[in-house]
Amino acid sequence: MLLKLGYHDAGSVADGTEYLKGYHDWSLRKPAFRGEKTGQWLGFSSVSGQAVADLQRQLREIGFFPRGAIDGVYGYRTRSAVRLFQEYVRAVESRHDIGHVDGEAGDKTQQQIKRWMSENRKPDLGGSRDQYKQAMEGLRQLQKHFKAANPKGIQLLNAHAAGTASRSVDDWTYREEDIHLIGIRRNENEVFRDGKGKTRRANDDIFVLLLNGMRLACRGSTNPSPSVAKRPDQAFLLRGQHAYRFGWHKIKGTEQAPAKTNVYRAFKPKVPAGPLIVRAIGDLLTDDSFRSAAPNPGINIHWSGSGTANWSAGCQVVAGMKYINYRNETVDLSDRAARSYGDLTGARTRGAYNALIDLITVSANDIRTNGDKLYYTLLYERDVKTTAAGAPIDFDEIVARLS
């Protein structure tokens, strides 16, 4: 039996709208799950017996559903667990016979789950633990370094953080029980013209996810793309730590025209005012840009295609082409990373972005919009290379492996 998002065991859901209330932002209040394709909404669909609950128990037994409730509802966490399992089987075991990494538990996926159960297998998620420890300790040392050095951007952060999603340097936290995403900004003043003559920035920055002793790395951009920003004074997120939550990107207008939106799961500022930004006139982020800072509610963390273009007007965007997994192996997704929304099919997905958000979804204690925080720290390349604070991340090696 095919099981997928929205399916549930008979009697497990009394009110679909009520069930989804904690997972959807206010304008997504409708009794349907958001699918991966453009305009795709999946309503609740009852199946006989305990098929969904049995699948959840199996996923927990093999290590891919450690914090999910056995509630008989194929929700967002169950989809992420299935998709993470499919990705593991393809990327780590090199077994492409599992089919597409689509988050749907069809015959091929269920056969692989049964194989894992019969072999008493568990995922090897520990290959990056040394890098995790190095990064966490390095980040704590960087916090001390910024307290002492107090550069201009940190001064602005400390002065204006109150009431925003940004955190003054004294409040930065690097507890191992929390979810940490690190953005590393490179070449912020380099722009280019694409084949259509539009001015853009490359997805040449690095993101490093740290949670539960694991490290995952991928590419993207922390900088606005001029053609996407559509205004001369572009929004650059301030260096420092900012609090985010589970949410949705491109949510505007969803209730009015749900079939015409590209809404998908992303991270939104934990505080409605948003994190602090500075605005740079033209293409250059200069010292003059750091004269003032203001919160901006639209600075999300979201997908940026396969990496051929930067879709950011100031958001932090993750490209889908490659990632370094929790075993410290480089995974190339060029054969199945979608370039655009219209390219999203069963065979092509958001790639590395899905790997990142699925690992977070499976590992978090609470994935509702008011649940666990994600602490996002934006740094510069020079911060994570050898300085007085040490070298928290093997940055040059990561860049080389993800090029």
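Numerical summary
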read-out	value
Members of the stretch 33-48 that are in a loop (DSSP other than H, G, I, E, B) and at pLDDT below 95	Gly35, Glu36, Lys37, Thr38, Gly39, Gln40, Ser48
One residue from Ala352, Ala338 being touching a residue at least 24 places away in the same chain (Cβ under 8 Å), in contact with a Cys (Cβ under 6 Å, 6 or more places away or on another chain), among the small types (Gly, Ala, Ser) and on the phi < 0 side of the Ramachandran plot	Ala352
Residues satisfying the stated conditions in the stretch 20-31, i.e. within 28 Å of Arg348 (Cβ to Cβ) and either in contact (Cβ under 8 Å) with a residue 40 or more places away in the chain or open to solvent by 40 Å² or more (accessible area, probe 1.4 Å) (or both)	Tyr23, His24, Asp25, Ser27, Leu28, Lys30
Count of residues meeting criterion [open to solvent by less than 60 Å² (accessible area, probe 1.4 Å) and in a helix (DSSP H, G or I)] in the stretch 150-159	4
Test: residue in the stretch 13-32 that is under 17 Å from Ala105 (Cα atoms), at pLDDT 90 or above and either over 19 Å from the mean Cα position of the chain (by Cα) or not in a helix (DSSP H, G or I) (or both)	no
Test: residue in the stretch 189-202 that is β-branched (Val, Ile, Thr), surrounded by 14 or more Cβ atoms within 10 Å (Cβ to Cβ) and under 28 Å from Gly307 (Cα atoms)	yes
Long-range neighbours under 7 Å by Cβ, at least six apart or interchain, first residue within 14 Å of Arg77 (Cβ to Cβ) within the stretch 42-64, second in a strand (DSSP E or B) and open to solvent by less than 40 Å² (accessible area, probe 1.4 Å)	Val52/Leu3; Val52/His8; Val52/Asp9; Val52/Val73; Ala53/Asp9; Leu55/Leu3; Leu55/Ala105
Any pair with Cβ under 9 angstrom, 6 or more apart, that starts in the stretch 1-19 at a residue that is more than 15 Å from Phe33 (Cα to Cα) and open to solvent by less than 50 Å² (accessible area, probe 1.4 Å) and ends at one that is modelled with pLDDT of 95 or more and among the hydroxyl-bearing types (Ser, Thr, Tyr)	Asp9/Ser46; Ser12/Ser46
Total residues in the stretch 56-83, condition of a type outside the set (Phe, Trp, Tyr), surrounded by 24 or more Cβ atoms within 10 Å (Cβ to Cβ) and closer than 18 Å to Tyr326 by Cβ	5
The stretch 203-231, subset over 23 Å from Leu139 (Cα atoms), out of contact with any Lys or Arg (no Cβ under 6 Å at 6 or more places or on another chain) and touching a residue at least 60 places away in the same chain (Cβ under 8 Å), residue least open to solvent (accessible area, probe 1.4 Å)	Pro224
Given (1) under 26 Å from Ile367 (Cα atoms); (2) in contact (Cβ under 8 Å) with a residue 60 or more places away in the chain; (3) surrounded by fewer than 18 Cβ atoms within 10 Å (Cβ to Cβ); (4) basic (Lys, Arg), index of the condition Arg167 fails	(3)
Selection count where residues are open to solvent by 60 Å² or more (accessible area, probe 1.4 Å) and under 15 Å from Arg239 (Cα atoms), scope the stretch 170-188	2
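Rundown of residues vs (1) β-branched (Val, Ile, Thr); (2) open to solvent by less than 80 Å² (accessible area, probe 1.4 Å), yes/no style:
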site: Glu93; (1), (2): no, yes
site: Ile98; (1), (2): yes, yes
site: Gln111; (1), (2): no, no
site: Lys122; (1), (2): no, no
site: Met136; (1), (2): no, yes
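The values are calculated or read from the model by the stated rules, or taken from the named source; none is laboratory data. Remember, it's a predicted structure, so these values are computed and weren't measured experimentally. Cβ sites come from the backbone with ideal geometry, for glycine too, and all protein chains shown count toward neighbours. Keep in mind that these areas ignore ligands, DNA and RNA; they rest on the heavy atoms of the full protein, side chains included. Shrake-Rupley method; radii C 1.70, N 1.55, O 1.52, S 1.80 Å.
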